[in-house]
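Shown next, in structure tokens, is the structure this report addresses.
Where a number appears in this text, it was derived from the coordinates with a stated rule and is not lab data. On a predicted model such as this, the values are computed, not experimentally measured, just so you know. All Cβ positions, glycine included, derive from the backbone under ideal geometry; neighbour counts span all protein chains shown.
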Amino acid sequence: MEPAKKEFTREDLVKGIKNRQFKRIVVLTGAGISVSAGIPDFRSAGTGLYANLSKYNLPKPEAIFDLEYFKENPEPFYKLAKELFVEKEFTPAITHYFLRLLASAELLHMNFTQNIDGLEVIAGVDLKYVVEAHGNIRSAHCTACKKEANIREFMWHLKYEKIRRCECSGLIKPDIVFFGEDLPKRFYDNMDKIKEADLVIAMGTSLKVMPFAGLMSMVPEGVPIVYINRENTEVVRENLLFMEGEIDEQVLDLIKDLGWEIHLSAAIKRGLFRAALGHLLETPKL
Ligand code: OAD
């Protein structure tokens, strides 16, 4: 008779985190965790970014993040970046704070994120626990000579819809990874961390974009995977716990079951303070 397949349950998850059976938790995140913070994801029908770019007359939606297209026609990306990163202010959602709580409890081995919004860092997760696989918007470089550009000046240009060029005349682009560019060295330097995981949590990602999605196939056999998402796109394996639904709701329930609500409130207070301080520091001197 075949041995019964071990199912990994939500109770196993709560118990395993509570009693520190899981001490090297690797978390993979995508755009879905920032949707409640007001940033659209990419592929959700109707609301996703790729479904709402018709005004830019792109050959295909992904062209807005394509390096070759950008070099020919940077305006669509500059306009979108203005809409997303200049006209709005975002604060972390519950899920970003959950990452902070895992880090504070010394249970977070690494958070690999495809997001460029930096909200986990604003929520207080030390950057040493974060691999921003698709880059970030805290810095910018020239696409031609690769020289670092001043990010504040770049943001100012976005605000006034001016294309920012380097003194070599190359286009300035924030350090977001575009299609046609390699991922940061930090991703490759750290990808083996997933082989050291005793628990993997993937949240808010369709797991459709390589090489990031390839991390899932590096999870050692037997290590449980928790997938928190509205839909199960790709993940089929033993020891999988699929938690279907809204991420913040699922994560808040988990936080309650872990008895971490008090830590959540404290983390949110600190996060709001950090965000406010960040804005003060960003204010240019007159
Ligand atoms: P996607 O838009 O592909 O996937 C987001 C996933 O999150 C989808 O499966 C949604 O159903 C789910 N989702 C969204 N909001 C949710 C919510 N509130 N609760 C639960 N689930 C929710 O985004 P990513 O997987 O992050 O790369 O996309 C990966 C990469 O594709 C991006 O980093 C970007 C893009 O092209 C580059 O531009 C290089």
Working from Cα positions, state the angle (0 to 90°, nearest 10) between the long axis of helix 75-85 and the longest principal axis of the chain.
50 degrees
Rounded FRET efficiency, nearest 0.05, which uses the C-beta distance separating E148 from T9 and R0 of 45 Å:
0.40
May I ask for the longest run of the chain untouched by trypsin sites (Lys or Arg not before Pro) that are loop-located per DSSP and have at most 11 neighbouring C-beta atoms (other than their own) within 10 Å?
163-284
List every residue whose amide H lies under 5 Å from the amide H of A149, counting only residues 5 or more places away in sequence or on a different chain, with H placed 1.01 Å from N in the peptide plane.
A140, H141, C142
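Defining a contact as two alpha carbons under 8 Å apart and six or more residues distant in sequence, what relative contact order in percent does the range 1-88 show?
Averaging sequence separation for qualifying contacts and normalising by length gives 10 percent for the range 1-88.
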Using alpha carbon centers only, the range 199-245 is separated from the range 67-98 by a whole-angstrom value of 26 Å
Taking every DSSP bridge whose two residues both lie in the chain, the antiparallel percent to the nearest 5 is 25 percent
Nearest 5 is fine: what % of DSSP beta bridges in the range 1-152 come out antiparallel, could you say?
20 percent
Quick one: Karplus J couplings for the range 253-267, per residue in order, coefficients 6.51, -1.76, 1.60, θ = phi - 60°, nearest Hz, x for Gly and Pro?
4, 5, 4, 5, 5, 7, x, 9, 4, 5, 5, 4, 4, 5, 5
Gain on full stretching of the segment that runs from K79 to K159 - 0.36 nm per residue minus C-alpha separation
27.9 nm
Under a crude label model (7 Å from the Cα following the beta-carbon direction), how far is L127 from E68 in nanometres?
3.3 nm
Roughly speaking, what is the stretch gain from F273 to K195, that is 0.36 nm per residue apart minus the C-alpha to C-alpha distance, in nm to one decimal?
24.5 nm
Top of N239, N19, N111 by mean-square fluctuation, Gaussian network on the chain, Cα under 10 Å
N19
Enumerate the amide H contacts of Y227 below 5 Å, restricted to partners 5 or more residues apart or on another chain; note that Pro and chain-start residues carry no placed amide H.
A202, L241, F242, M243
Compute the length gained on full extension between Y188 and V236: take 0.36 nm times their separation in residues and subtract their Cα-Cα distance, giving the result in nm to one decimal.
14.8 nm
With the chain treated as a Gaussian network of Cα nodes joined by springs under 10 Å, which of P211, P40, P224 yields the largest mean-square fluctuation?
P211
Run through the range 41-142 and list the GluC sites (Glu not before Pro) located in a DSSP loop whose Cβ has at most 12 other Cβ atoms within 10 Å.
E87, E89, E106
Using alpha carbons only, how many degrees (0 to 90, rounded to 10) separate the axis of helix 94-104 from the longest principal axis of the chain?
70 degrees
Taking the Cβ-Cβ separation of E246 and K60 as r and a Förster radius of 25 Å, what is the calculated FRET efficiency to the nearest 0.05?
0.25
